[in-house]
Amino acid sequence: MRKPNMSYSSFTSYRLKHKIEPSHESPYQTGIYTHTLGEDAVIVSYDYKKKDSLYTKLAHDANMLKLIGEKQTKYKSFIASVPRHLAVIDKSQRLITIRAFVEGAILKTATQGAKSRAYIECVNELERVTKSLTGEELQSMPRITEQDMSRLFFRYLLHALVTRPDSIKQLAKLAYCFYTNAPNKSVQKEHIAHRALASTNIVIGPEHIYMAQFRESVIAPAGTDIALFPQLYYREVGSDTMQAYLDEACNTAEKKRRFLHLSAFYSLQSNDETYIRVLAESIAPYAARVGAGHDARRGSLTLAIDPKSV
């Protein structure tokens, strides 16, 4: 619990415990700091010349932690949560966001089944939070619409055809998935989509599952994060875990259409050549057959990349 009369808004109240080195080149500086009164925090800073897209994403991350935390105070119970938002400091062309440090193990170290279960809990909680948003809150958040996706998909497809002509069969399959499964405009739904729920952005704590790094989050078509699990985890889970996930994710006609449509879009956006092949040759064909009951013709899923169980 937050200690009374404890101010988190002064950067000088913290001392660096250790830096967090990103797994890839990042414009942000991140570290774990200790407040003078003993509480650890994760502090992310960005030095900017102008308030560009990187500035906007970091500010949005902090706003989402604050918003979700406020919404969850009204719930009696929840499994998935977010680290407590503490402060934002924006001065001298430096943006600093401060959130509570949470104890636990990152999801990357968990078993395959635990990964899929934790992921689904996070997605379900974001759907729950979406339902509590006011119209003003919804309008203030970044959004990607079906119209945006249709325009962008065509651009991604042309680029892929030009740069990877040897992948034309896989690209044709994904184009078919995207266009033939476009949702009916009258039944379109939107939810908060995190869009970066990788196993390094989820922590299993003693009380809750914690989601972090909402920089890419938007209001998006329902099912977006569900469609992104295979893309984010195909190198971490094997065929059995992925098959069980797809059996649940695509167990109705509407959910199946959403999955095929959205997974095709994000696979081309990612430009991950390996995943594009895995989706086109393994995951999408299996997902399209889900719902055929116990028909033996459905077969089982075999990933082109099949990690060992952990």
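The values are calculated or read from the model by the stated rules, or taken from the named source; none is laboratory data. Nothing here was measured: the structure is a model prediction, and the numbers come from that model. Neighbour counts are summed over all protein chains in view; Cβ atoms, including those assigned to glycine, are modelled from backbone coordinates with ideal geometry. The area values use the complete protein model at the heavy-atom level, side chains included, leaving out ligands, DNA and RNA. Shrake-Rupley method; radii C 1.70, N 1.55, O 1.52, S 1.80 Å.
Conditions first: (1) farther than 24 Å from residue 161 by Cβ; (2) modelled with pLDDT under 95; (3) not in a helix (DSSP H, G or I). Residue 304 passes all but one, so which condition is the exception?
(1)
Looking at segment 153-166 only, could you name the residues that are touching a helix residue (DSSP H, G or I) at 6+ places or on another chain (Cβ under 7 Å) and assigned to a helix (DSSP H, G or I)?
Matches in segment 153-166: 153, 156, 157, 160, 161.
Looking only at segment 105-140, count every residue that is over 16 Å from residue 238 (Cβ atoms), in contact with a Ser or Thr (Cβ under 9 Å, 6 or more places away or on another chain), part of a helix (DSSP H, G or I) and open to solvent by 30 Å² or more (accessible area, probe 1.4 Å) and tell me the total.
Matching residues across segment 105-140 total 2.
Within segment 168-186, work out how many residues are within 25 Å of the chain's Cα centre (by Cα) and modelled with pLDDT under 95.
4
So residue 229 ticks every box in (1) open to solvent by 40 Å² or more (accessible area, probe 1.4 Å); (2) touching a Phe, Trp or Tyr at 6+ places or on another chain (Cβ under 6 Å) but one. Which box is left unticked?
Tallying (1) open to solvent by 40 Å² or more (accessible area, probe 1.4 Å); (2) touching a Phe, Trp or Tyr at 6+ places or on another chain (Cβ under 6 Å), residue 229 fails exactly one: (1).
Mind listing whichever residues of segment 76-104 are aliphatic (A, V, I, L, M), open to solvent by less than 60 Å² (accessible area, probe 1.4 Å) and assigned to a strand (DSSP E or B)?
Once the filter is applied, which keeps residues that are aliphatic (A, V, I, L, M), open to solvent by less than 60 Å² (accessible area, probe 1.4 Å) and assigned to a strand (DSSP E or B), segment 76-104 yields 80, 86, 87, 89, 95, 96, 98, 100.
In segment 60-84, what residues are out of contact with any Phe, Trp or Tyr (no Cβ under 9 Å at 6 or more places or on another chain) and not charged (D, E, K, R)?
67, 69, 73, 75, 77, 78, 79, listed by residue number.
Determine if segment 114-124 includes at least one residue that is closer than 18 Å to residue 64 by Cβ and either of a type in the set (Val, Ile, Thr) or free of Cβ contacts under 8 Å to residues at least 12 places away in the same chain (or both).
yes
Scanning segment 170-226 for residues that are open to solvent by 20 Å² or more (accessible area, probe 1.4 Å) and of a type in the set (Ser, Thr, Tyr), which turns out farthest from residue 77 (Cα to Cα)?
Per the criteria, the residue is 176.
Based on what the data block shows, is residue 131 out of contact with any strand residue (DSSP E or B) (no Cβ under 6 Å at 6 or more places or on another chain) and within 24 Å of residue 39 (Cβ to Cβ)?
Taking the combined requirement at face value, the residue does not satisfy it.
Given 34, 73, which one is open to solvent by 40 Å² or more (accessible area, probe 1.4 Å), β-branched (Val, Ile, Thr) and over 20 Å from the mean Cα position of the chain (by Cα)?
73
Does segment 3-12 include one or more residues that are modelled with pLDDT of 95 or more and either in a strand (DSSP E or B) or open to solvent by 90 Å² or more (accessible area, probe 1.4 Å) (or both)?
Looking for residues that are modelled with pLDDT of 95 or more and either in a strand (DSSP E or B) or open to solvent by 90 Å² or more (accessible area, probe 1.4 Å) (or both), one finds none in segment 3-12, hence no.
Of all residues in segment 152-167, how many are open to solvent by 60 Å² or more (accessible area, probe 1.4 Å) and either more than 19 Å from residue 218 (Cβ to Cβ) or under 22 Å from the mean Cα position of the chain (by Cα) (or both)?
Qualifying residue count for the region: 8.
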